[in-house]
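*Asks:* Quick one: this structure, given as structure tokens, is what I'll be asking you about.
The values are calculated or read from the model by the stated rules, or taken from the named source; none is laboratory data. Bear in mind the structure is a predicted one, so any value in this text is a computation, not a measurement. So basically every Cβ, Gly included, is an ideal-geometry build from the backbone, and we count neighbours across all protein chains shown.
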Amino acid sequence: MIGVFDSGSGGLTVLKALRETLPESDFLYYADLAHAPYGEKSRRELLEVVTNAIEELKRAGATSIVSACNTASTVLQGNYAELLGLTDDHFVEMVEPTVERAAAFKQPLFLVATPATIESGVYQAALNGAGVVARAVALPGLAAAIEFGAPEEELENRIRDAFTGVDTTRYGGLVLSCTHYSLARVSFERVFPKLVLLDPARTVAERAAGAFGTRERGDGSLHIVTSADVSLFRRRVESFFGSRALVELLSPGPGDSVKIG
Ligand code: DGL
């Protein structure tokens, strides 16, 4: 069974691509809504909640893991992934596939992500290493605004504010490097009608197929669990996977930072 996790709804976009690419695999999705948003947390807090999410999935029987969260993926680099027993043939994260997608674009681009992702510097280094001309821009509060159903106008204002004073004319594309942002595609299109929006979800799914697709064969089942019950999340699950996809509540895990907007 493939365990997939995110702080909430964003990873559903990756889960959808995974199920389309691997229709015979069994999936367990963990939405850690009790600790959302991940993107405004310190590295120490992130290590704690991300470790818990992965352990939760493993305890429930996941034999391969997909980090469907860019913020989590930035802390799961190198040694730390190994420490959790995540080896390349059992684990796929967001950074490498996202950089691969960006490199294939061949034009200067923006990379938008949560403050924690941008502060980690992981993407900047990886893009640099791949020779991609990119400018990283943090979008504070946007993932939470999307998760908890803020109006479209607020989403657009948050995007516009983060780009104040930035000259966008030399850029051809914008990489959505927070899985939540794919749920706000319309807002990005309104603010940047001339930029091509790049979503790495399909590339992530292809990586997973290559890493453990042949091993992870089952009957195509889907099981969704969350650490906090949020009605908008349930509605999103239904719109992605139909009314038969059930959402089950788990205990919230570390800390007492349950903060639902
Ligand atoms: N969807 C996640 C990401 O890709 C996390 C967003 C958040 O919880 O702040 O970074």
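*Asks:* Go through segment 181-208 and give me each residue that's touching a Pro at 6+ places or on another chain (Cβ under 8 Å) and within 16 Å of the ligand (Cβ to nearest atom).
*Replies:* Pro200, Thr203, Val204, Arg207
*Asks:* Restricting attention to segment 92-121, which residues are on the phi < 0 side of the Ramachandran plot and out of contact with any strand residue (DSSP E or B) (no Cβ under 8 Å at 6 or more places or on another chain)?
*Replies:* Val95, Glu96, Pro97, Val99, Glu100, Ala103, Ala104, Ala116, Ser120
*Asks:* Name the residue, out of Val112, Val133, Val122, that is more than 14 Å from the ligand (Cβ to nearest atom) and in contact (Cβ under 8 Å) with a residue 12 or more places away in the chain.
*Replies:* Values: Val112 fails: more than 14 Å from the ligand (Cβ to nearest atom); Val122 fails: more than 14 Å from the ligand (Cβ to nearest atom).
Result of the check over Val112, Val133, Val122: Val133.
*Asks:* Among the numbered conditions (1) over 19 Å from Tyr123 (Cα atoms); (2) touching a helix residue (DSSP H, G or I) at 6+ places or on another chain (Cβ under 9 Å); (3) more than 12 Å from the ligand (Cβ to nearest atom), tell me where Pro23 comes up short.
*Replies:* (2)
*Asks:* Assess whether Glu238 counts as being modelled with pLDDT of 95 or more and out of contact with any Pro (no Cβ under 6 Å at 6 or more places or on another chain).
*Replies:* Yes, satisfied.
*Asks:* Which residues, counting only those in segment 218-248, are more than 30 Å from Ala150 (Cα to Cα) and surrounded by fewer than 12 Cβ atoms within 10 Å (Cβ to Cβ)?
*Replies:* Our first condition is that a residue be more than 30 Å from Ala150 (Cα to Cα); within segment 218-248, this holds for 218-221.
Residues satisfying the conditions are Asp219, Ser221.
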